[in-house]
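Reviewing the structure listed below.
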Amino acid sequence: MKIAITGSNGIIGRELFSQLYNTYENAEFVLIIRNAFKKENIPRVSNVKIDLLSINSESASLFFKEEKIDYFFHLAWDTNHSDYLVSENNQKWESSSIILIDEFYRNGGLKFIGVGSSIEYDWKYPNPFNEFNSKLNGNNWAYGKSKLNIFNYLSAIPNISFQWHRIFFVFGPGQSNKRLIPLIIKNALNNTEPLSVNLNLGRDYISTFEIAKQITLMSTTSYSGGLNICSGKPILISEIISKIEKITQKKVVISPNEFKDNFELQNISGCQHIIKSYFPDYNYSEINFENDLKKTINFFYKNRL
């Protein structure tokens, strides 16, 4: 078996590569990269440098024809916190992803595994969102629309096997300091300016370690279609802060000015119907969450962020 991965140097991609490598012990891996980064001296691993936003059908076809890829994990996308929801690059990633999908299957590919987002669900509707009948609309964000367009494109191709993993709220080592959990950790460790947050919001947070685990587990199954990658329950922002304070033994300073965003729902979470149907004993517990939070905080300590 031969497996290709895009985005293997991202916060999810790094962990996913590690878990896939240990799971598919006889597979060869091709990491598609766009810079000089390489995983050197690792058996069964090669690197191919490709600018995915400049790829065309001819170059994609040549790659898949030469490499003979069986499974294709596509994670690469721009997720710059400041503008990723509205960036024009979403359309570029959508177009390049469709080219990759077409040429992958045209050249004998067996299974495409892509990464979507919980924002594909209509956040104005009740949740937890499930894979069977929750409404999908992308929430009028360019990011959500483009991700949903790729899912719909895959769904319309007859006789293929694919998985579209809708990831909920992410945290883990290496995440941008502008994201919520890194901001809270940074505040506790470095006594930065008071944070403006809504303590009563509930969000379905899941670590990069567990995201990689769920994607890897599901990739070994025969399932084809969209599914949630989530903890299955929302956690209050106030609870996350309490856990970080307990681990760091430091106080998080909260601003009296409550943060407001453009999202409608107090709680946003997903159901684990699909993964539970294949792995009934699977569970992402509060202890798992706290252990992953400790790993994330230790990353901050180690890198003096």
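Of the residues that make up the stretch 40-62, is at least one of a type in the set (S, T, N, Q) and under 22 Å from I211 (Cβ atoms)?
Among the residues of the stretch 40-62, not one is of a type in the set (S, T, N, Q) and under 22 Å from I211 (Cβ atoms), which makes the answer no.
One residue is enough: does the stretch 17-34 have a residue meeting the conditions more than 26 Å from T220 (Cα to Cα), touching a residue at least 12 places away in the same chain (Cβ under 8 Å), under 22 Å from the mean Cα position of the chain (by Cα) and surrounded by fewer than 20 Cβ atoms within 10 Å (Cβ to Cβ)?
Just the residues of the stretch 17-34 that are more than 26 Å from T220 (Cα to Cα), to begin with: 34.
Applying the additional criterion that residues be touching a residue at least 12 places away in the same chain (Cβ under 8 Å) yields 34.
Applying the additional criterion that residues be under 22 Å from the mean Cα position of the chain (by Cα) yields 34.
Then keep just the ones that are surrounded by fewer than 20 Cβ atoms within 10 Å (Cβ to Cβ); that gives 34.
There is at least one residue in the stretch 17-34 that is more than 26 Å from T220 (Cα to Cα), touching a residue at least 12 places away in the same chain (Cβ under 8 Å), under 22 Å from the mean Cα position of the chain (by Cα) and surrounded by fewer than 20 Cβ atoms within 10 Å (Cβ to Cβ).
Step by step: first the residues of the stretch 57-100, then only those that are touching a strand residue (DSSP E or B) at 6+ places or on another chain (Cβ under 6 Å) and over 18 Å from A27 (Cα atoms), then the one that is surrounded by the fewest Cβ atoms within 10 Å (Cβ to Cβ). Which residue is that?
Among residues in the stretch 57-100 that are touching a strand residue (DSSP E or B) at 6+ places or on another chain (Cβ under 6 Å) and over 18 Å from A27 (Cα atoms), the one surrounded by the fewest Cβ atoms within 10 Å (Cβ to Cβ) is L75.
Considering each of L227, L189, L183, L199 in turn, give the residue that is touching a Phe, Trp or Tyr at 6+ places or on another chain (Cβ under 9 Å), more than 26 Å from Q19 (Cα to Cα) and either in a loop (DSSP other than H, G, I, E, B) or of a type in the set (A, V, I, L, M) (or both).
L189
Of all residues in the stretch 148-180 being among the charged types (D, E, K, R) and not in a strand (DSSP E or B), which is surrounded by the most Cβ atoms within 10 Å (Cβ to Cβ)? Show your work before the answer.
Filtering the stretch 148-180 down to residues among the charged types (D, E, K, R) leaves 166, 178-179.
From what is left, the residues that are not in a strand (DSSP E or B) are 178-179.
Numbers: K178: 11, R179: 16.
Among those residues, the one meeting the criterion is R179.
Among the residues in the stretch 111-134, are any modelled with pLDDT under 95, in contact with a Lys or Arg (Cβ under 8 Å, 6 or more places away or on another chain) and either surrounded by fewer than 15 Cβ atoms within 10 Å (Cβ to Cβ) or under 17 Å from G7 (Cα atoms) (or both)?
Within the stretch 111-134, one or more residues are modelled with pLDDT under 95, in contact with a Lys or Arg (Cβ under 8 Å, 6 or more places away or on another chain) and either surrounded by fewer than 15 Cβ atoms within 10 Å (Cβ to Cβ) or under 17 Å from G7 (Cα atoms) (or both).
Against the condition more than 30 Å from E131 (Cβ to Cβ), of a type in the set (S, T, N, Q) and surrounded by fewer than 21 Cβ atoms within 10 Å (Cβ to Cβ), how does S196 come out, does it pass?
Taking the combined requirement at face value, the residue satisfies it.
Anything in the stretch 186-199 that is closer than 19 Å to F289 by Cα and either among the aromatic types (F, W, Y) or in contact with a strand residue (DSSP E or B) (Cβ under 9 Å, 6 or more places away or on another chain) (or both)? List them, or say none.
The answer is L199, and nothing else.
The values are calculated or read from the model by the stated rules, or taken from the named source; none is laboratory data. Quick caveat: nothing in here was measured; it's all calculated off a predicted structure. Please note: Cβ atoms are built from the backbone with ideal geometry, for glycine as well, and neighbour counts cover all protein chains shown.
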